[in-house]
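Data block below; observations after.
The values are calculated or read from the model by the stated rules, or taken from the named source; none is laboratory data. Treat the numbers as computed from the prediction; the structure is a model and nothing was measured. A quick note on method: Cβ atoms are made from the backbone with ideal geometry, for glycine too, and the neighbour counts reach across all protein chains shown. Heavy atoms of the whole protein, side chains included, go into the accessibility calculation; ligands, DNA and RNA do not. Shrake-Rupley method; radii C 1.70, N 1.55, O 1.52, S 1.80 Å.
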Amino acid sequence: QRGKWDAVATCFFIDTAHNVVQYLELLSHLLREGGVWINIGPLLYHWADAHTYMEDEQLSVEVSLDTIERIAPHFNLRLLRKENRECNYATNCRSMHQTTYQCVFFTMIKDSSLGGRGGGGPPPPRP
């Protein structure tokens, strides 16, 4: 579905990737020119210590938000807005136990004038 989506929203998602760069490529592939990607969530990545609870080795590419921001233009994704937010997760507001994450909220737009790969060519492998 190359270039068919006006918007993609991800919530507590991108840090589930073995390779977040593949996620950026896939998102760029899906978005039409001018389409937006809206994301909120932490960057806690789940694979670095997978050897402690999985039998086979799980390799991963776990990058910082700064690196994601530097990589995004290579896939024609331009940052429009970014802010840090505190987000409750699996929380019962009437309980004394509440889990809170420091999250990043951002919006990126697909902008082919950046001259990146932009999701051209065959679809990337599914993450």
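In nanometres, what is the gap between the two model label sites at residue 95 and residue 32, each 7 Å from Cα along Cα-to-Cβ?
If labels sit at residue 95 and residue 32, their model points lie 4.2 nm apart.
Report the calculated FRET efficiency for residue 5 and residue 65 (r = Cβ-Cβ distance, R0 = 22 Å), to the nearest 0.05.
Numbers: r = 23 Å, r/R0 = 1.06.
Result of the calculation: an efficiency of 0.40.
Can you give me the solvent accessible area of residue 64 with a 1.4 Å probe, rounded to the nearest 10 Å²?
Here the residue's solvent-accessible area equals roughly 60 Å².
Let me have the relative contact order for region 66-107, percent, based on Cα pairs under 8 Å that are six or more residues apart.
On the way: 46 pairs, mean separation 16.6, N = 42.
Contact order relative to length: 39 percent.
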